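Comments concern the structure below.
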Ligand SMILES: [Fe+2]
């Protein structure tokens, strides 16, 4: 999405006959925004239209999230680490919140699934909080480790395999997830003052075990919230090569450079990715604000146009009581929030923070799902009181 990749054997000119070992290959263009934006071209052994059978797939139930019954407007806290592993990487997702731009949830799969999944509704962003994942996709393979963001373009088939159940945060973006324009110069290279460079990212490698296999595959696709399982009598992924600008990529949170100011910087200074209707920020270990009177703790604030979801990944969360790794706080727009009692004063003079957290700010209000209720810490709204009753 931010640079050109080329693997295997591709035709010298696009849209021309390409033979390998005397066999005419099937040019498959994978395009975005109609035909106006980035694309990749794959050279498949079999036509991608060769499905043998299709059926509605009912094992995954998160395609059409339902809002929970009306609830009071207040700050909320969800403890996701207490969830038991369930299902697989397609079925085992629990959505917590959604609006017209995105869905937001967690995935803690118990078992592997051989079928591939393609989300035709949305780009997807995963944040791998725990575990190691072997990722395979139409564009190649990657090994993901804790702290990795993974961005998957819409309609790209992929699957996860693992030795131990991983824990993931997952965001579906109805519009593009991309690197913020402000980090990219007019030639397309990442600017020198961006919080990462091209070298910071992991991109797919050629996956001979998939692209050179003749094993038939199944792909489960989601469109308009409905899942369809498609069987192929041959290997959909068998190919000679591909090139282009559309592919999944990963970025480990440790490879992002944090920013520090003389006084506390607003969260937007820590933006990692932009999405249509939302932004994703990474809070990283860093030297804290260095003015002698600086208050390093976040100031009390009301972001009157943003709902805020903050996933606490690791470290010492000094501004919040009762928070643990895997916690998610939800602060709706316009509700004042900030550090817990004592944290504001105690932060003065601190030199460093080691916390790692991922924030999603949405520009349209979120609905909470019924599933979110089961993970909620009902005492959280009282945690700002000096002496909670
Ligand atoms: Fe906030």
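The values are calculated or read from the model by the stated rules, or taken from the named source; none is laboratory data. All of these numbers come straight from a predicted model, not from anything done at the bench. As a convention, Cβ positions derive from the backbone with ideal geometry for all residues, glycine included, and neighbour counts pool all protein chains shown.
Residues that are under 25 Å from residue 138 (Cβ atoms), surrounded by fewer than 19 Cβ atoms within 10 Å (Cβ to Cβ) and touching a helix residue (DSSP H, G or I) at 6+ places or on another chain (Cβ under 7 Å): does segment 18-39 have at least one? No, the conditions are met nowhere in segment 18-39.
Close Cβ contacts (under 6 Å, 6 or more residues apart or on different chains) running from residues in segment 292-305 that are assigned by TED's automatic domain parsing to the domain that holds residue 348 to residues that are near the ligand (Cβ under 8 Å from one of its atoms) and part of a loop (DSSP other than H, G, I, E, B) comprise 298/338; 300/338.
The set of residues from segment 27-46 being under 24 Å from residue 231 (Cβ atoms) and either under 24 Å from the mean Cα position of the chain (by Cα) or assigned by TED's automatic domain parsing to the domain that holds residue 156 (or both) comprises just one member, 30. Annotation note: of 55, 112, the sole residue that is surrounded by fewer than 22 Cβ atoms within 10 Å (Cβ to Cβ), modelled with pLDDT of 95 or more, in a loop (DSSP other than H, G, I, E, B) and not assigned by TED's automatic domain parsing to the domain that holds residue 365 is 112. Applying the set (1) touching a strand residue (DSSP E or B) at 6+ places or on another chain (Cβ under 6 Å); (2) more than 16 Å from the ligand (Cβ to nearest atom) to residue 385 leaves exactly one unmet item: (1). Kindly check whether there is at least one residue in segment 309-316 that is more than 28 Å from residue 107 (Cβ to Cβ) and more than 12 Å from the ligand (Cβ to nearest atom). Within segment 309-316, not a single residue is more than 28 Å from residue 107 (Cβ to Cβ) and more than 12 Å from the ligand (Cβ to nearest atom). Taking the conditions (1) closer than 17 Å to residue 269 by Cα; (2) within 16 Å of the ligand (Cβ to nearest atom); (3) in contact with a helix residue (DSSP H, G or I) (Cβ under 7 Å, 6 or more places away or on another chain) in turn, residue 355 satisfies each one other than (3). Of the residues 269, 274, 327, the single one that is within 23 Å of the chain's Cα centre (by Cα), assigned by TED's automatic domain parsing to the domain that holds residue 373, without any contact (Cβ under 8 Å) to a residue 12 or more places away in the chain and more than 12 Å from the ligand (Cβ to nearest atom) is 269.
Checked across segment 332-352, the condition of being modelled with pLDDT under 95, within 16 Å of the ligand (Cβ to nearest atom) and part of a strand (DSSP E or B) holds for at least one residue.
Here are 48, 12: which of them is farther than 17 Å from residue 221 by Cβ and either in a loop (DSSP other than H, G, I, E, B) or in contact with a helix residue (DSSP H, G or I) (Cβ under 6 Å, 6 or more places away or on another chain) (or both)? Within the list 48, 12, the selection yields 12. Would you check if residue 28 is without any contact (Cβ under 8 Å) to a residue 24 or more places away in the chain, within 21 Å of residue 246 (Cα to Cα) and in contact with a strand residue (DSSP E or B) (Cβ under 8 Å, 6 or more places away or on another chain)? Yes.
In summary, residue 299 fulfils each of the numbered conditions (1) within 11 Å of the ligand (Cβ to nearest atom); (2) not in a loop (DSSP other than H, G, I, E, B) with the single exception of condition (2).
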